[in-house]
Amino acid sequence: MIMQISPELKTSLIPLRDFFKNPKKSSFKLSPKGTHLAFMAPYKNRKNIFVQEIGQEAVRITEELDRDIAGFFWKTDDRLIYLRDNKGDENYHLYVANKNGENARDLTPFPEVRASIVDSLPDIDDEVLVAMNQSSPSVFDVYRLNIVTGKITMVAENPGDIAEWFTDHEGIVRGAVKTDGVNNTLLYRANENDAFKEVLTTNFREAVDPLFFTFDNKQLYAKSNIGRDKQAIVLIDLENGKEVKEIFSHPDVDAQGLSYSRKRKVLTLAYCTTWKTEMTFLDERLKQLYSDLYNRLGDSEEVWLISANKKEDKFVVLTNSDLTAGTYYFYDTTTKELQKLAEANPWLKANDMCEMKPIQYQSRDGLTIHGYLTLPKGKELKNLPVVVNPHGGPWWRDSWGFNAEVQFLANRGYAVLQMNFRGSTGYGRKFWEASFKQWGRTMQNDITDGVQWLINQEIGHPNKIAIYGASYGGYATLAGVTYTPDLYACAIDYVGVSNLFSFLNTIPEYWKPMLEMMHEMVGHPEQDAQEMRAYSPVFHADKIKTPLFVAQGAKDPRVNIDESDQIVAAMKEHGVEVQYMVKENEGHGFHNEENKFEFYEAMEK
């Protein structure tokens, strides 16, 4: 049951573009000395980097007009590094620019190559460690990249089976995870000149995810579910692969993260997500710092320290909630100055937004499904039109916080139901494994059962239920209108899978080492051919009678455009109404502002 809330004063209709335009300012980061701030802000509708000396006017240092900058960080007090891909292909290149915008250049100008940061090497001014698939599309080697000269030197060659590299606190590649597609082996070497040795091997169902080395670089903090259902944060002895001790766990959900002070070399914070983020402080100094911030900012929102200078006496603070996209502050612990920097979306007022409430219900086979329900303001909370919004992944989860799509739909008068169906991460191994080879089956039943629960609560109108999802959520949308064709009044499939065979056949090259694991989780095209055909919506398009809108990025590397092309062609063949939007300059989801506007305007209609 959920608590019935009396209707509040009706809020006015907010312009659609206010929900989906780029933030006014976002992603604030402090320079190493703490004298300057960098942040993202729109320039000609694209997110670019601006730099300001604290207390002074900001100066734009990039001029990217084709694509938003995907992310950035300070390398030194004079240089920043940022990432950008080409039209959504996810082949990210690394760029460097001076803090005044001069000498901007592509550091990885290699076609069809994807670069990512392995270690930013904060104590070495001119170098970073990057992983690139330059030698083979599916294999990532590690290179030392000089950001001044552009010189690139390989420091760890991938024999073909390494899925992840990690470094010690001096920036030396000391650890790796190799995979045969199903079994993962943790590797370790005592120094850069030694060969890697195997520490422990687990089936992929047992996760040992490296976090970082201890401060003497001899042991490893990791997330592990070995011998337990819920993932815990543990300390591992790298000489024998044994767990030394448990650092943090929660009885109901997986441990999520562990933070530390680089300057003071102490563990500071562990956290997990129940229905909201829960923090456990491991360091008294950080606990006092957060206590001071909560006293000054209130506790109605989550508070995060998202950036610090090297001395760790100046911070960027972010507060956010289900009602606000975020407010940034500059906090000087020496002077106790707390200065508001910016609101991400000042045009959206918290009083006009709708609360995201936690809910739970039982699946037909007895699992407890957790989720969120957002109800519109100013309406009797009975027989509402509903948008069911299953998340992507599918091995992901919805969390409490600001969601522009949800707030937009609630502002239009819809109740929005989000559920963490089986397979959603964070609820332990058993719940995750319950999703294996269950696309369109029990995973879909969890969504259907949520709809039925809402109808039984008399909150949702049985004839006014829509379903909308992206990626796996797009698959769930197609499965919903295929296998329960009378349940939904309309549907929106956004970069969704329609054919399990072709989906597995067109995954990116760098996912290929995990293909065997995907066969265990989704299905094997030969051994499970009958089931995969039964639960691929494209082969059952004749059952669809719900009006459908399909949207797809032409450069999508994860869900190939062929997935959307197939379902649209199949529906047209059966005379079913379908609207199809393709954007040539987008990938897995639309990022360019004008394309987002067009998509959500079509969705609203």
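The values are calculated or read from the model by the stated rules, or taken from the named source; none is laboratory data. This is a predicted model, so every value here is computed, not measured. Cβ atoms come from the backbone with ideal geometry, glycine included; neighbour counts cover every protein chain shown. These accessible areas exclude ligands, DNA and RNA; they are computed on the full protein's heavy atoms, side chains included. Shrake-Rupley method; radii C 1.70, N 1.55, O 1.52, S 1.80 Å.
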Matching residues, segment 263-302, being among the β-branched types (Val, Ile, Thr), farther than 20 Å from Lys230 by Cβ and surrounded by fewer than 18 Cβ atoms within 10 Å (Cβ to Cβ): Val266
Just to check your reading of the model, which residue among Glu531, Glu516, Glu526 is free of Cβ contacts under 8 Å to residues at least 12 places away in the same chain and over 27 Å from Phe599 (Cα atoms)? Glu526
Taking segment 513-559 and keeping residues on the phi < 0 side of the Ramachandran plot, open to solvent by less than 10 Å² (accessible area, probe 1.4 Å) and among the small types (Gly, Ala, Ser) leaves Ser536, Ala541, Ala551, Gly553
Here, strands (runs of 3 or more DSSP E) confined to segment 1-104 with at least 3 residues that are of a type outside the set (A, V, I, L, M, F, W, C) are 26-30, 36-43, 46-53, 79-84, 93-98
Flagged in segment 125-152 as open to solvent by 60 Å² or more (accessible area, probe 1.4 Å) and over 15 Å from Val96 (Cα atoms), in numbering order, are Gln134, Ser135, Pro137
Is there a residue in segment 419-426 that is out of contact with any strand residue (DSSP E or B) (no Cβ under 8 Å at 6 or more places or on another chain), open to solvent by less than 30 Å² (accessible area, probe 1.4 Å) and not in a loop (DSSP other than H, G, I, E, B)? no
Top-ranked residue of segment 470-492 - restricted to ones that are in contact with a Phe, Trp or Tyr (Cβ under 7 Å, 6 or more places away or on another chain) and under 22 Å from Lys555 (Cβ atoms), ranked as most open to solvent (accessible area, probe 1.4 Å): Ala470
(1) modelled with pLDDT of 95 or more; (2) among the hydroxyl-bearing types (Ser, Thr, Tyr); (3) within 26 Å of Thr425 (Cα to Cα) all hold for Thr214 apart from (3)
Taking the stated definitions as given, is Leu65 surrounded by 19 or more Cβ atoms within 10 Å (Cβ to Cβ) and more than 30 Å from Leu454 (Cβ to Cβ)? no
Taking segment 304-328 and keeping residues more than 23 Å from the chain's Cα centre (by Cα) and open to solvent by 40 Å² or more (accessible area, probe 1.4 Å) leaves Lys310, Lys311, Glu312, Lys314
Take segment 560-594 and flag every residue that is in a helix (DSSP H, G or I), surrounded by fewer than 19 Cβ atoms within 10 Å (Cβ to Cβ) and free of Cβ contacts under 8 Å to residues at least 60 places away in the same chain. Ile561, Asp565, Ala569, Lys572, Glu573
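Matching residues to (1) among the small types (Gly, Ala, Ser); (2) modelled with pLDDT under 95; (3) in a strand (DSSP E or B):
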position	(1), (2), (3)
Leu145	no, no, yes
Gly160	yes, yes, no
Ala163	yes, yes, yes
His169	no, no, no
Leu187	no, no, yes
Ala195	yes, yes, no
Check on Asp85, of a type outside the set (A, V, I, L, M, F, W, C), farther than 27 Å from Asn309 by Cβ and open to solvent by 40 Å² or more (accessible area, probe 1.4 Å): no
Of the residues that make up segment 502-511, is at least one of a type outside the set (Ser, Thr, Tyr), out of contact with any Pro (no Cβ under 8 Å at 6 or more places or on another chain) and under 24 Å from Glu604 (Cβ atoms)? no
